[in-house]
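The values are calculated or read from the model by the stated rules, or taken from the named source; none is laboratory data. No experiment lies behind these values; they were computed from the predicted model shown. Cβ placement follows ideal geometry from the backbone for every residue including glycine, while neighbour counts extend to all protein chains displayed. These accessible areas exclude ligands, DNA and RNA; they are computed on the full protein's heavy atoms, side chains included. Shrake-Rupley method; radii C 1.70, N 1.55, O 1.52, S 1.80 Å.
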Amino acid sequence: MSPEDAHDHAGEQEGDEAPPDTVQAAPPIVPYSVDDILNDGCFLERAELDLLIDRLRAKKNLILQGPPGTGKTWLAKRLAFALMGEKDPNRIRAVQFHPNLSYEDFVRGWRPTGDGKLALADGVFMEAIIAAREAPSAKFVVVIEEINRGNPAQIFGELLTLLEAGKRTPSEALELCYPDADGKRRPVHIPENLYVIGTMNIADRSLALVDLALRRRFAFVGLEPRLGTAWRNWVVEACGVESALVADIEHRISELNDKIATDARLGKQFQIGHSYVTPAHRLEPGDTRKWFRQVVATEIGPLLDEYWFDAPAEAEQATARLIQGW
């Protein structure tokens, strides 16, 4: 039965009215700015966020680097929304680099089809390029988690050259390793309105240094643990941490970070980020001590064991100091 027949049939039922045809409206796009990043619980200063947005606009490519738990992933997408001026997830593509990710996955390559054959398919980055090219008045962002966990030179291929802000024009276009789906080779350039935000964990000993070609095309900004007035206010008001204990938690984590920063085997890049002591959900009244002990036992303590793998006694002492008297 066609929709029209169904409509007529419903109308024949005495006392029944056919429901009007309805089209589900797309959710409204919400404006988003640097102020919204602060309201969401960012502990950076307004001037620091303005600098990040300015560098992203000018350089086109930005990497947030820092120790674990400093909010790199959390901040990356919010910077993208603030750059766009609205909270439109359809214009953000997110991907995580890892050792098995390839050019064929990220840019273009042969992929299996449902009938057991191979077909040329665009990866996330090429899809973002095409979307940005088709809507030049809008801004698009690709967020790359753990950009140094893969091999960026191999994953980007020839597009690594075109990432440079000064080469975002058709005159700088290059042919890809693979042709378009119709077999023709058309030069490709990265549009001016496509931006890249990467995150980088600088405390992972297993990761290689980023090559100079990538460094030259990105602005790098270091994030550090942010404990202080903004953090204290947030965890008390939004997370239910007891106000009488919040300064003590800050003191214990700061003391530990000072020890890590001055240890010649570690350094500032191994400090404990504020995310570890920022509850994801509001605590029940009276649960602050229990929550902190659990965080130390299951998150911070094991991390310290990894840091001081060659000096387990130091890790044990540092963990014990965190919950001493609690």
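Condition (residue is touching a Phe, Trp or Tyr at 6+ places or on another chain (Cβ under 8 Å) and of a type in the set (Gly, Ala, Ser)) applied to region 82-95: is it met by at least one residue?
yes
Quick one: in region 210-223, which of the residues that are open to solvent by 30 Å² or more (accessible area, probe 1.4 Å) and within 16 Å of the chain's Cα centre (by Cα) is farthest from residue 256 (Cα to Cα)?
220
Mind telling me which of the residues 232, 185 ends up being among the basic types (Lys, Arg) and free of Cβ contacts under 8 Å to residues at least 12 places away in the same chain?
185
Mind checking which residues of region 159-184 are surrounded by 16 or more Cβ atoms within 10 Å (Cβ to Cβ), over 21 Å from residue 57 (Cα atoms) and not aromatic (Phe, Trp, Tyr)?
176
Where in region 99-186 are the strands (runs of 3 or more DSSP E), entirely inside, with at least 1 residues that are among the aromatic types (Phe, Trp, Tyr)?
Passing ranges, in order: 108-112, 140-145.
Within region 256-271, is even one residue open to solvent by 20 Å² or more (accessible area, probe 1.4 Å), within 19 Å of residue 202 (Cβ to Cβ), among the acidic types (Asp, Glu) and not in a loop (DSSP other than H, G, I, E, B)?
Within region 256-271, one or more residues are open to solvent by 20 Å² or more (accessible area, probe 1.4 Å), within 19 Å of residue 202 (Cβ to Cβ), among the acidic types (Asp, Glu) and not in a loop (DSSP other than H, G, I, E, B).
Looking only at region 305-326, count every residue that is more than 31 Å from the chain's Cα centre (by Cα) and within 18 Å of residue 264 (Cα to Cα) and tell me the total.
Within region 305-326, residues that are more than 31 Å from the chain's Cα centre (by Cα) and within 18 Å of residue 264 (Cα to Cα) number 6.
Tell me, please, whether a residue that is under 27 Å from residue 49 (Cα atoms) and either modelled with pLDDT under 95 or in contact with a strand residue (DSSP E or B) (Cβ under 9 Å, 6 or more places away or on another chain) (or both) can be found in region 237-257.
No, the conditions are met nowhere in region 237-257.
Restricting to region 254-270, what's the tally of residues that are touching a residue at least 12 places away in the same chain (Cβ under 8 Å), over 20 Å from the mean Cα position of the chain (by Cα) and closer than 15 Å to residue 65 by Cα?
Number of matching residues: 1.
Of the residues that sit in region 103-120 and are of a type in the set (A, V, I, L, M, F, W, C) and closer than 17 Å to residue 153 by Cβ, which one is farthest from the chain's Cα centre (by Cα)?
Top of the filtered list is 107.
Picking from 292, 309, which residue would you name as being open to solvent by less than 10 Å² (accessible area, probe 1.4 Å) and among the aromatic types (Phe, Trp, Tyr)?
292
Mind checking which residues of region 57-109 are open to solvent by 20 Å² or more (accessible area, probe 1.4 Å) and of a type in the set (S, T, N, Q)?
65, 73, 90, 96, 100, 102
Pull out all pairs, ordered by first then second residue, where Cβ-Cβ is under 6 Å, the residues are six or more apart or on different chains, the first lies in region 137-161 and is charged (D, E, K, R), and the second is open to solvent by 20 Å² or more (accessible area, probe 1.4 Å) and assigned to a helix (DSSP H, G or I).
139/84
Would you point out which residue out of 320, 213, 315, 297 is part of a helix (DSSP H, G or I), at pLDDT below 95 and hydrophobic (A, V, I, L, M, F, W, C)?
So the residue among 320, 213, 315, 297 that is part of a helix (DSSP H, G or I), at pLDDT below 95 and hydrophobic (A, V, I, L, M, F, W, C) is 213.
State all residues of region 121-149 that are among the aliphatic types (A, V, I, L, M) and open to solvent by 40 Å² or more (accessible area, probe 1.4 Å); if no residue qualifies, say none.
130
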